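The structure appears below as structure tokens.
The values are calculated or read from the model by the stated rules, or taken from the named source; none is laboratory data. Since the structure is predicted, the reported quantities are computational estimates derived from the model, not experimental observations. Cβ atoms come from the backbone with ideal geometry, glycine included; neighbour counts cover every protein chain shown. The area values use the complete protein model at the heavy-atom level, side chains included, leaving out ligands, DNA and RNA. Shrake-Rupley method; radii C 1.70, N 1.55, O 1.52, S 1.80 Å.
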Amino acid sequence: MRSLALRRTWPYALWLIALALVPWWLGLPLLLGIAAALLVRVERLHAWQGRLRLSLRWGLPGVSFALGHAFAEAALGWTVAAVAALAGFTLLAGLEAWLDRHRRAEREAAATPSAGDEWPERVLAPPPVGSGIIELAPPDWHACAAGSPASPAGLPGGQVRYVREAGFAGFRFDDGSHVEAPPGRCAIDPGGGWLAVEIPPGVLLWDRRSGRVHRLRRRGLCGWYAGHPWLQSSPGEMPVPLDEALRREPDD
């Protein structure tokens, strides 16, 4: 591999040495001629385009070296040579970018899927989870007083009352289901499966189906959706379902 690389690079090394030894005003026209041949895209030189580019890359340092030797004062000569080399390589980079513009456009077109190929995938793809419009039913709060109904009639389990008696203080439905809780405004979801009790600054939630009680100390009930409570910590915050609220605030 190393011998192959040497066989490929030694002609360009000789080209660099030759341009460094001849006067710069002879080597510079040669480089300009090569650049012009690349720009006009001569058909006969199309197969030699890679070698012509390498000739520019290797020849530019040689011409810069010859330019530095042309000045009697060494410091001035090498300063001019360095500036010339910097300007030359900048122009060379611009030239190669211009010559490769078609290849770059082809690579970008190949990497970007067409709208025709992407459209069927979008149509057949299932909608993302949680997409759609969620409309919360606002809670209907009722003040509770011992012995008086705290909910409208017609709900599953009957009406709910706040009961205070020996050994129990909380809410009790007509069907006998009950939950211990301090007094406060209460709300029942439209399906009758949840009871919410305001305990400022939070809320107590009772799932009548499972019997589980959740006490959230920093969030209030915002509304009901699909038979489940949604909560928020402040009026300007986005409401979240109970599972998300419990992850953010540990359950008692």
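The table that follows gives values for the structure above.
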{"item": "Exposure of Phe173 as accessible area (Å², to 10), given a probe of 1.4 Å and all protein chains", "result": "10 Å²"}
{"item": "Gly184 long-range amide H proximity, modeled H, under 5 Å", "result": "Cys144"}
{"item": "Of the GluC sites (Glu not before Pro) in region 177-252, those whose Cβ has at most 12 other Cβ within 10 Å and which sit in DSSP loop", "result": "Glu237"}
{"item": "Most to least accessible of Tyr162, Tyr12, Tyr225 (protein chains only, probe 1.4 Å)", "result": "Tyr225, Tyr12, Tyr162"}
{"item": "Accessible area of Leu242 in the full protein assembly, 1.4 Å probe (Å², nearest 10)", "result": "10 Å²"}
{"item": "Segment Tyr12-Arg103, length gained on full extension (0.36 nm per residue, minus Cα span)", "result": "30.2 nm"}
